[in-house]
Amino acid sequence: MRITTGLYKGRQILMPEGIRPTQDKVRKALFDILGDIEGVSFLELFAGSGAVGFEAVSRGAKNLTLVELNRECLLVIEKNIEALKVKACDICPKEADDAIKALHKNKKRFDIIFLDPPYYKDMLKKTLQTLVDYDILAPSGLVIAQHFKKDNLPDALGDLALFRQAHYGDTQLSFYRKG
């Protein structure tokens, strides 16, 4: 897998075995929708390889936090950070919900929160609810959930409102903002 655009365009990213990475076309479409992300703070929950987060840094995100619990994935993330020489990157080796609570306790805020939990595990709605309960989203920030196209997500959850969806094969991106 390679970074599609920006500072690290064409650079290869290592992938741990047994994960479902975000496809190049979905990553490219995601960042085309987001447009200019220069200077934003970016959080990737269920990071896997960190590919989406590294794409964000390649496109100008000022800092990146990657949340991942799986040991093999963490080792791959560390190798990717080293290979790309990413400087402003924090790794949080926790379950997503525990990481959200810890980030909230430390008063962290993010402009963009991306989450791509494992499909068919009923983790997405629970994690979105935790994001509502422990607000770590900047006032004008976005939450983007990648999920199976048949997953039915609410139009609103707490102060998060669904405002856009995009489909790519079996994958769907759902965009939420405060409002």
Calculated diffusion of the chain, Stokes-Einstein form, Kirkwood radius summed over Cα pairs, 25 °C and 0.890 mPa s, µm²/s | 153
Computed [θ] at 222 nm, deg cm²/dmol, the chain (DSSP H ≥ 4; -39,500 (n - 2.57); rounded to nearest 500) | -9000 deg cm²/dmol
With every protein chain kept in the model, how would you rank TYR8, TYR168, TYR176, TYR120 by accessible area, 1.4 Å probe, largest at the top?
-> TYR120, TYR168, TYR8, TYR176
Three principal axis lengths of region 1-74 [C-alpha, angstrom, descending] = 32, 22, 19
Longest segment of the chain with no GluC sites (Glu not before Pro) in a DSSP loop having at most 12 other Cβ atoms within 10 Å?
-> 39-179
Binned at 10 Å from zero, the C-alpha pair distances of region 75-157 give percents of 15, 44, 33, 8
Averaged per residue, what accessible area in Å² does region 1-134 show with a 1.4 Å probe, protein chains only?
-> 51
Please work out whether region 61-114 counts as rounded, prolate or oblate from its C-alpha gyration tensor, where a ≥ b ≥ c are the square roots of the eigenvalues and a/c under 1.5 means rounded, while otherwise a/b larger than b/c means prolate and anything else oblate?
-> oblate
Taking the Cα centre of region 1-137 as the origin, how large is its charge dipole in debye, to the nearest 20, when only Lys and Arg (+1) and Asp and Glu (-1) carry charge on their Cβ atoms?
-> 240
Would you mind checking LYS87/LYS125; LYS87/LYS121; LYS101/LYS121 for any pair whose Cα atoms are more than 28 angstrom apart?
-> LYS87/LYS125; LYS87/LYS121
How do LYS25, LYS87, LYS149 stack up against each other in accessible area, from largest to smallest, with a 1.4 angstrom probe?
-> LYS87, LYS25, LYS149
Note down the nm distance, to one decimal, between modelled labels 7 Å out along Cα→Cβ at LYS9 and at ASN106.
-> 3.3
DSSP bridge pairs, region 27-169: antiparallel proportion in percent, nearest 5 = 10
In the chain, what percent of the accessible surface is made up of carbon and sulfur (1.4 Å probe, ligands and nucleic acids excluded)?
-> 48
Kindly write out, for region 99-104 in residue order, the coupling ³J(HN,Hα) from the Karplus curve 6.51 cos²θ - 1.76 cosθ + 1.60 (θ = phi - 60°), rounded to whole Hz, with x marking Gly and Pro.
-> 5, 4, 5, 5, 5, 4
Part-to-part distance (alpha-carbon centres) for region 114-179 and region 48-111, which is given in Å = 18
Of PHE148, PHE114, PHE163, the most mobile residue in a GNM of the chain (C-alpha springs, cutoff 10 Å) is PHE163
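The values are calculated or read from the model by the stated rules, or taken from the named source; none is laboratory data. Note that the structure is predicted; figures quoted are calculated from it, not measured. As a convention, Cβ positions derive from the backbone with ideal geometry for all residues, glycine included, and neighbour counts pool all protein chains shown. For the accessible areas, the whole protein counts, side chains as well, though only heavy atoms, and no ligand, DNA or RNA atoms are used. Shrake-Rupley method; radii C 1.70, N 1.55, O 1.52, S 1.80 Å.
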